[in-house]
Amino acid sequence: MRVTFFGHSAFLVEAGGQRFVFDPYLKDNPHGGVPLDRVPCDFILCSHAHEDHLADALELAKLHRATIVAPYELAEHLGALGARTLDLMPGGGVNFPWGRIQMTCATHSSALELPGGKNSYMGPAAGYVVRAGDQSVYHAGDTGLFGDMALIGRGDLDLALLPIGDRYTMGTVDAVEALNLLRPRLCVPMHYDTLEKIRQNPHAFAKLAAAAGHQVRVMGTGETIEV
């Protein structure tokens with residue numbers, strides 16, 4: 001599995017002959033923008049409708065003829081705008097010849113942020129477990145800690161991508177508790193330092209996680225690793 005981090009919650013994961021982009025906040029990402037033509041993909045997995053997770057999904061999908069995976073209401077909205085979509089709801093999934101995409105619960109909200117301070121409800125927030133080839137990755141989306149992470153981790157996860165920013169998601173302490181439930185082989189932290197409100201030290205998180213017996217890799221923006 002090949003994993004590239006674009007900052008915030010945006011990743012490219014290449015596994016099983018497929019390319020998956022999670023939460024494509026790419027062009028205007030404060031951690032460092034990346035042109036969309038440099039991120040070819042087959043699937044775009046959107047955890048919810050907030051701008052820092054959905055930002056470039058539609059344009060990216062049209063550019064690369066990729067399929068957007070999203071909760072039902074959000075998928076319907078993007079489909080009406082011309083995207084090829086795969087709609088799921090938490091707990092459900094779809095099998096493919098190369099593996100499976102399954103949607104998980106997340107404790108968060110999901111709405112399109114419209115001008116004038118109005119919001120348009122876009123269904124539940126979610127996470128994803130993708131199994132491609134003989135490897136698996138869990139992208140938690142924006143979420144707090146919840147006990148059913150123990151069920152998400154029951155299939156021997158290779159990689160967990162977990163938010164640590166606090167305030168709107170888990171902080172570092174709860175993220176370590178999440179690792180106790182998930183038990184992945186490796187964790188990469190995300191959703192921190194994009195705003196002052198979610199300022200965190202990922203290396204301090206890695207140290208806390210190591211003390212609890214977990215391996216954490218702090219990735220730099222634009223960095224690629226093999227898992």
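We did not get these values from a lab; they are worked out from the coordinates using the rules stated. None of the values given here were measured: they were computed from a predicted structure. All Cβ positions, glycine included, derive from the backbone under ideal geometry; neighbour counts span all protein chains shown.
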Going through Y128, Y168, Y121 one at a time, which residue ends up being among the aromatic types (F, W, Y) and either crowded, with 23+ Cβ neighbours inside 10 Å or at positive phi (or both)?
Y128
The conditions are (1) buried (at least 19 other Cβ atoms within 10 Å of the Cβ); (2) within 24 Å of P163 (Cβ to Cβ); (3) over 16 Å from the mean Cα position of the chain (by Cα), and D28 fails exactly one of them. Which is it?
(1)
Residues of segment 64-77 being without any contact (Cβ under 8 Å) to a residue 24 or more places away in the chain and more than 19 Å from F96 (Cβ to Cβ), in sequence order, are E76
Total residues in segment 78-120, condition farther than 27 Å from L63 by Cβ and β-branched (V, I, T):
2
